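So the structure is just underneath, and the comments pick up after that.
None of the figures in this text is laboratory data; all of them are computed from the coordinates on show. This structure is a prediction, so every number in the text was calculated from the model and none was measured. Every residue, glycine among them, receives a Cβ derived from its backbone with ideal geometry; neighbour counts consider all protein chains shown.
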Amino acid sequence: MTLTPFVRHTGKCAALPRANVDTDQIIPKQFLKRVERTGFGPALFHDWRFLPDGSANPEFELNQPEAADATILIAGANFGCGSSREHAVWALAEYGFRAVVAPSFADIFTANCFQNGVAPVRLSGDGIDEVLRRCRAGRGVYRLTIDVEAQQVTDDAGLRAPFPLEPYRREMLLRGLDEIGRSLLEEPRIAAFERSRT
Amino acid sequence: MTTPRTLFDKVWESHVVHRFPEGPALLYVDLHLVHEVTSPQAFEGLRRVGRRVRRPELTVATVDHNVPTGDRSLPLDDPIAATQLDALAHNAQTFGVELFDLASPRQGIVHVIGPELGLTQPGMVVVCGDSHTSTHGAFGAFALGIGTSEVEHVLATQCLVLSKPQTMEARFRGRLSPGVTAKDLILDLIGRIGTAGAAGHVLEYTGDAIRAFSMEERMTVCNMSIEAGARAGMIAPDETTFAYLEGRPRAPSHRDWGRTVAAWRHLPSDPGARYDRRVELDAAAVAPQVTWGTNPGMVTDITGYVPNPGDFATADERQAVERALAYMALTPGTPLAGLPIERVFVGSCTNTRIEDLRAAALVARGRKVAAGVRAMVVPGSQQVKAQGEREGLDRIFRDAGFEWRNAGCSLCLGMNADVLRRGERCASTSNRNFEGRQGAGGRTHLMSPAMAAAAAVAGHLVDVREWS
């Protein structure tokens, strides 16, 4: 699958400063029965976003007016833990998020982000605290720039925070690479490996 | 002299097909397990660009996540679930992949049938689009959960692109006390290191307690590695492993057995092998565990109390505990033993093999499920179910008032009709107590099979050690 390259993105932020947000919360299991990669956005954070009667939960962070049209999610530690369901990333992307900024991410979730051109941006404790503070003070107009090429997060008010990216994953994001196509270029090596084991 | 290597190092190094200049490896996969929920988009991806499954004979599929565990006659009541099952059947046929479907006597939870068939073997790389693939590490395999795009990648290339994780040794000194199980051991570890405690690492479980475990107990431990955030969990193969595998349908043949076992004996970590991190625990000090919160790290002894948010160190933790207690409808200071429950679930890839069912049946024998409690036993596979029936466990459970059902993931994740109703409290042998995991608004307490069976009889959480 070819992805849209992700070089840099500037967008509005929404904060969900809770630790250990698991993929069951991001996309509850009752929505996993689809056989397509689409249709998950409306169910993002379903059990938090909606009350049992189906109406919007007025207390949930993403239902606040200032969170409307956000494309960058500011989250807590160990974001995306639990189930391997890639549906969680499909839901985040379809809802409109291009990046998630957090102090740490679960391993499988991180891999799933890269497969879908969503940037998992890991900021240090100080960096994330400052971004959260500015996001809250910004009251719905706070914008961040995620620069994958320079591996840094910036805003209009002088914030500059670096984030780590494995070179391979950075390249995938920058070029919107199809990982399968790339690995298939190594077909002779795969075949040789198989021969060596028999 | 060569550098001493860990079990994981050995498995990793023997599967590297290529190292990309930018760092990660192209890692060869020996066994790819597939189920109905995380595979349809992957097969569709292949179909769209005309790719084939590179090694269909190394790929095995079953249906488990959304299958009914009651009446299995077709058509299914749930048309959307039926679509997923049909899609897997169609994909398996088109791409030449073996499928254990609802009609198969070998159907079951993917992490139960892999070992049961002898598919999972020491030294392998095993993947599946499911986080509890870590279960297979009990055999000394490097087994990890992957996302659907990676499932497609493995189908197309028989390889996975992965950067080498770090290693972490969890050593358990001594032996477990009576009434304490493998489930308690792993919950105790997760409680200590937290749900991200092993993130980025492969956990290797070592020590006397692990060596004394059966394969099924080892699977319970490795299964929950992901709940500690680990990339995988592993246990070095030994005589217990070889004895379990010998003669299973897909294990190496009698002719190859001696040679294969000789190779497997080289897998355990060398003396002096270096781990990036280590943690050591006293197995004898572990008590039966029960979770009180909304992640598996929120756990304590059954003799303990619902904690007070004020006792936690950071503002983030206090906020998380407050949220968890509100969701769980629990008041700080309440003793966990005595907490009334309405539902009991003995099932899941963590705790629903034959030894688990025997342990629960031992408690249930001659007793009755308390009034107002609905208790379910969902065997991990149809083979486990048949074995349980040969041993008369079904009769013990039914006589006690438990439901005896067909194999599947069932109430562990509630994708089928087996769900908690809003506000119901459940004693569960599964692996996740996340908000809504077993049903929107449902409240899950994780524990061992014996503890869950005892809770069913008592109608509330109890310390099973008092029931000998």
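Looking only at segment A:39-73, filter to residues that are among the polar types (S, T, N, Q) and more than 16 Å from the chain's Cα centre (by Cα); which one of those is surrounded by the fewest Cβ atoms within 10 Å (Cβ to Cβ)?
Per the criteria, the residue is A:SER55.
Among strands (runs of 3 or more DSSP E) lying entirely in segment B:112-187, which contain 1 or more residues that are more than 13 Å from B:ASP30 (Cβ to Cβ), touching a strand residue (DSSP E or B) at 6+ places or on another chain (Cβ under 6 Å) and in contact (Cβ under 8 Å) with a residue 12 or more places away in the chain?
Working: elements: B:125-128, B:142-145, B:159-162, B:166-173.
Ranges flagged: B:159-162, B:166-173.
Return a yes/no flag: does segment A:10-32 have any residue that is without any contact (Cβ under 8 Å) to a residue 60 or more places away in the chain, within 22 Å of A:VAL153 (Cβ to Cβ) and touching an Asp or Glu at 6+ places or on another chain (Cβ under 9 Å).
The answer is yes; a qualifying residue exists.
Is it fair to say B:GLU389 is surrounded by fewer than 22 Cβ atoms within 10 Å (Cβ to Cβ), within 30 Å of B:HIS136 (Cα to Cα) and among the acidic types (Asp, Glu)? First the steps, then the outcome.
On the way: surrounded by fewer than 22 Cβ atoms within 10 Å (Cβ to Cβ): yes; within 30 Å of B:HIS136 (Cα to Cα): yes; among the acidic types (Asp, Glu): yes.
Yes.
Please count how many residues of segment B:1-36 are in a loop (DSSP other than H, G, I, E, B), free of Cβ contacts under 8 Å to residues at least 60 places away in the same chain and within 14 Å of chain A (Cβ to nearest Cβ).
Adding up the residues that qualify gives 3.
Name the residue that is surrounded by the fewest Cβ atoms within 10 Å (Cβ to Cβ), counting only residues in segment B:83-120 that are under 24 Å from B:ASN351 (Cα atoms) and touching a Phe, Trp or Tyr at 6+ places or on another chain (Cβ under 6 Å).
Restricting to residues being under 24 Å from B:ASN351 (Cα atoms) and touching a Phe, Trp or Tyr at 6+ places or on another chain (Cβ under 6 Å), the top hit is B:ARG106.
From the list B:VAL299, B:VAL306, B:VAL377, which residue is over 25 Å from the mean Cα position of the chain (by Cα) and within 22 Å of B:HIS445 (Cβ to Cβ)?
Result of the check over B:VAL299, B:VAL306, B:VAL377: B:VAL306.
Within segment B:196-205, identify whether any single residue is in contact with a helix residue (DSSP H, G or I) (Cβ under 7 Å, 6 or more places away or on another chain), of a type outside the set (Phe, Trp, Tyr) and more than 14 Å from every other protein chain (Cβ to nearest Cβ), and answer yes or no. Break it down into steps so the answer makes sense when it comes.
Filtering segment B:196-205 for residues in contact with a helix residue (DSSP H, G or I) (Cβ under 7 Å, 6 or more places away or on another chain) gives B:197-200, B:202-205.
Pick out the ones that are also of a type outside the set (Phe, Trp, Tyr) and you get B:197-200, B:202-204.
Cutting the leftovers down to more than 14 Å from every other protein chain (Cβ to nearest Cβ) gives us B:204.
Yes - at least one qualifying residue is present in segment B:196-205.
Quick check, is A:LEU165 closer than 24 Å to A:ASP126 by Cα, within 11 Å of chain B (Cβ to nearest Cβ) and part of a loop (DSSP other than H, G, I, E, B)?
Criteria met by A:LEU165.
In segment A:45-124, which helices (runs of 4 or more DSSP H) lie fully inside it and hold 1 or more residues that are more than 28 Å from B:GLY200 (Cα to Cα), free of Cβ contacts under 8 Å to residues at least 60 places away in the same chain and facing another protein chain (nearest Cβ under 9 Å)?
Filter on segment A:45-124 gives A:46-49.
Within segment B:401-417, can one find any residue that is more than 30 Å from B:ARG248 (Cβ to Cβ) and more than 20 Å from the chain's Cα centre (by Cα)?
Initially, segment B:401-417 is screened for residues more than 30 Å from B:ARG248 (Cβ to Cβ), giving B:401, B:414, B:417.
Checking which are more than 20 Å from the chain's Cα centre (by Cα) leaves us with B:401, B:417.
The answer is yes; a qualifying residue exists.
Examine segment B:180-190 for a residue that is within 30 Å of B:ARG48 (Cβ to Cβ) and within 12 Å of another protein chain (Cβ to nearest Cβ), and state whether such a residue exists. Break it down stepwise before answering.
Pass one, segment B:180-190, residues within 30 Å of B:ARG48 (Cβ to Cβ): none.
Scanning segment B:180-190, I find no residue that is within 30 Å of B:ARG48 (Cβ to Cβ) and within 12 Å of another protein chain (Cβ to nearest Cβ), so the answer is no.
Could you list, in sequence order, the residues of segment B:173-195 that are touching a Ser or Thr at 6+ places or on another chain (Cβ under 8 Å) and surrounded by fewer than 22 Cβ atoms within 10 Å (Cβ to Cβ)?
Matches in segment B:173-195: B:PRO178, B:GLY179, B:GLY191.
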